[in-house]
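Below is one structure, written out as structure tokens; comments come after it.
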Amino acid sequence: MGDLKGFIKHDRELPSKRVVNERVNDYKEIYIEYPEEKTNKQAARCMDCGIPFCHSGCPLGNIIPDFNDAVYNEDWEKAFQILSETNNFPEFTGRICPAPCESACVLGINNDPVAIEHIEKSIAEKAYNLGLVKPDHVEKSTGKKVAIVGSGPAGLAAADQLNKAGHDVTVFERNDRIGGLLRYGIPDFKLEKWVVERRVGIMEQSGIQFRTGVNVGVDISAGTLKAQFDAIVLSGGSTIPRDLPIPGRELKGVHFAMEFLEQKNRQVEGQNLEEWNTFSKIDLSKGPITAKKKNVLVIGGGDTGSDCVGTSNREKAKSITQIELLSKPPNNRAESTPWPNWPMKLRTSTSHEEGCEREWSILTKEFVGNEKGELTHLKLVDIEWVLEKETGRSKLKEIETSERLIPCELALLAVGFVHPQKEGLLDQLGVELDNRGNVKTNDYATSIDKVFAAGDMNRGQSLVVWAISEGREAAISVDKYLSGGTTILKSKEYSKLIV
């Protein structure tokens, strides 16, 4: 490494955030521009640790020590070359990845880990500023045509890799714009949509075709797609949300989290109700979903729930409470998840910092409404988790006398997703599903010839970084199927090539 004592001389430091009273009045990114020389010092903290566990901590196998060294030496072109070998979209992951690489950082054993995510974002943005991010112009086409169904991070990664291998790639998206979760699931204050548009523009210039507003399985049959393309990659998301079928679920004011987040993303982008109702499943007959001046309760303690909190703050909710069925995690790494594993610990997001009550070990018993069918309260009860000796599993037990009603006019269900949509494309193809309802694959190949699957549709609901990894790996299997071999390296293989 360029500075062997960098981790001793420099403390971990991240970009400052805009003050809460300012940032909750818009949907812009919350971080303030960070001086380049400070990023160089953060890169200098990377140790000559011998065995860089950050490689295995990153689902993409990013060659982190090498690009850190290049950043320290101000060789941004080399840093981008190293990073882009394993990560197609560092401008996305540098903004929204929870950074499992940092949890595996050797320095993090007894110190603050290297600021890998910030450095990754810095490399990506510097590369765009220097004109290093360019379209891929393939010299020779294989003549093989590949259809990618779904334009989320998995589909985009697969498309990018297969295009580089010389195949003719068309991405089908049933929505009106490209990006999937990146476009309509993640709020702008975490990922502004110009970032997505910028990358899609590069991909279009590289020769990848995008067809929006095409619902494969409805607007075009699966059979037609199979007849027109030499290979198909299914990369739709895990779009069927987990429900909460308790009394009062039908009341006005109870919504899935993604209904709320999608409509706000569209509104921020300037779309009107008529435009986005064409592509949305949300019933807008009584107007848009809004948190303004309402008591909001977010059910579910994960990232999606946190996004609902941040959005509700910007909509000027009267109060916001986020509840979780599980027990409160410890403030520091739990003994059950030792380094270098992803730690079980309490995480406080920037949305939580903006204002939110958080409660754990809470069970929602009933949605309570008025005579107009409108949600007015939630009936909750405290629980404790009791270990059953017979099964070795924990079972929830309601705590007597803890049942109560709290005011609530908007309840948002952020309790995860169960599986991809089966009606339409999957049913028409007849692909085999696993016991969780996801598409069953063997090395990303489905039970149907020339049909592959990647991302949430294959592995289930997961991180954006895992979706990109899945798309890259699926592209290797598709390339082998089409060409009898492949020139695409697995992400983990690039470390052998970096000098």
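The values are calculated or read from the model by the stated rules, or taken from the named source; none is laboratory data. Here the structure is a predicted model, which is why all the values come from computation and not from measurement. No Cβ is skipped: glycine too gets one built from the backbone with ideal geometry, and neighbour counts run over all protein chains shown.
Results for (1) touching a Phe, Trp or Tyr at 6+ places or on another chain (Cβ under 9 Å); (2) over 21 Å from Asp160 (Cα atoms), shown as yes or no for each residue.
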{"residue": "Asn110", "(1), (2)": "no, yes"}
{"residue": "Glu120", "(1), (2)": "yes, no"}
{"residue": "Gly131", "(1), (2)": "no, no"}
{"residue": "Lys134", "(1), (2)": "no, no"}
{"residue": "Glu139", "(1), (2)": "no, no"}
{"residue": "Gly143", "(1), (2)": "no, no"}
{"residue": "Val146", "(1), (2)": "yes, no"}
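Determine, yes or no, whether Val133 is part of a loop (DSSP other than H, G, I, E, B) and touching a helix residue (DSSP H, G or I) at 6+ places or on another chain (Cβ under 7 Å).
yes
Just to be sure, is Asn341 more than 23 Å from Lys395 (Cα to Cα), out of contact with any Pro (no Cβ under 8 Å at 6 or more places or on another chain) and part of a loop (DSSP other than H, G, I, E, B)?
So Asn341 passes the test.
Does segment 363-370 contain at least one residue that is outside any strand (DSSP E or B), without any contact (Cβ under 8 Å) to a residue 24 or more places away in the chain and closer than 20 Å to Arg404 by Cα?
Yes; the residues of segment 363-370 include at least one that is outside any strand (DSSP E or B), without any contact (Cβ under 8 Å) to a residue 24 or more places away in the chain and closer than 20 Å to Arg404 by Cα.
Tell me, which strands (runs of 3 or more DSSP E) wholly within segment 150-253 include 3 or more residues that are surrounded by fewer than 16 Cβ atoms within 10 Å (Cβ to Cβ) and free of Cβ contacts under 8 Å to residues at least 24 places away in the same chain?
Ranges flagged: none.
Quick one: which of Phe189, Phe210, Phe172 is out of contact with any Lys or Arg (no Cβ under 8 Å at 6 or more places or on another chain) and aromatic (Phe, Trp, Tyr)?
None of the others qualify; the one that does is Phe210.
Output the number of residues of segment 315-349 satisfying the condition of being touching a Leu at 6+ places or on another chain (Cβ under 8 Å) and of a type in the set (Ser, Thr, Tyr).
1
Checking the structure you have, find out if any residue of segment 78-93 is farther than 25 Å from Thr304 by Cβ and of a type in the set (Gly, Ala, Ser).
yes
Just need a number here: residues in segment 432-452 that are touching a residue at least 24 places away in the same chain (Cβ under 8 Å), charged (D, E, K, R) and surrounded by 14 or more Cβ atoms within 10 Å (Cβ to Cβ).
1
With Leu375, Leu425, Leu410, Leu429 as the choices, which residue is in contact with a His (Cβ under 8 Å, 6 or more places away or on another chain) and either surrounded by 15 or more Cβ atoms within 10 Å (Cβ to Cβ) or free of Cβ contacts under 8 Å to residues at least 60 places away in the same chain (or both)?
Leu410 is the lone residue from the list that is in contact with a His (Cβ under 8 Å, 6 or more places away or on another chain) and either surrounded by 15 or more Cβ atoms within 10 Å (Cβ to Cβ) or free of Cβ contacts under 8 Å to residues at least 60 places away in the same chain (or both).
Could you grab me the full set of residues in segment 344-362 that are part of a loop (DSSP other than H, G, I, E, B) and in contact with a strand residue (DSSP E or B) (Cβ under 7 Å, 6 or more places away or on another chain)?
The answer is Gly355, Cys356, Ser361.
Looking at (1) surrounded by 17 or more Cβ atoms within 10 Å (Cβ to Cβ); (2) modelled with pLDDT under 95; (3) not hydroxyl-bearing (Ser, Thr, Tyr), find the lone condition where Lys5 falls short.
(1)
Can you confirm whether Asn435 is among the polar types (S, T, N, Q) and either assigned to a strand (DSSP E or B) or farther than 21 Å from Ala158 by Cα (or both)?
In short, yes.
What residue, of Leu410, Leu405, is under 29 Å from Leu251 (Cα atoms), under 28 Å from the mean Cα position of the chain (by Cα) and assigned by TED's automatic domain parsing to the domain that holds Asp307?
Selected residue: Leu410, the only one of Leu410, Leu405 that is under 29 Å from Leu251 (Cα atoms), under 28 Å from the mean Cα position of the chain (by Cα) and assigned by TED's automatic domain parsing to the domain that holds Asp307.
Residues Ser285, Ser235: which one is at pLDDT below 95 and either among the hydroxyl-bearing types (Ser, Thr, Tyr) or more than 21 Å from Gln461 (Cβ to Cβ) (or both)?
Answer to the selection: Ser285.
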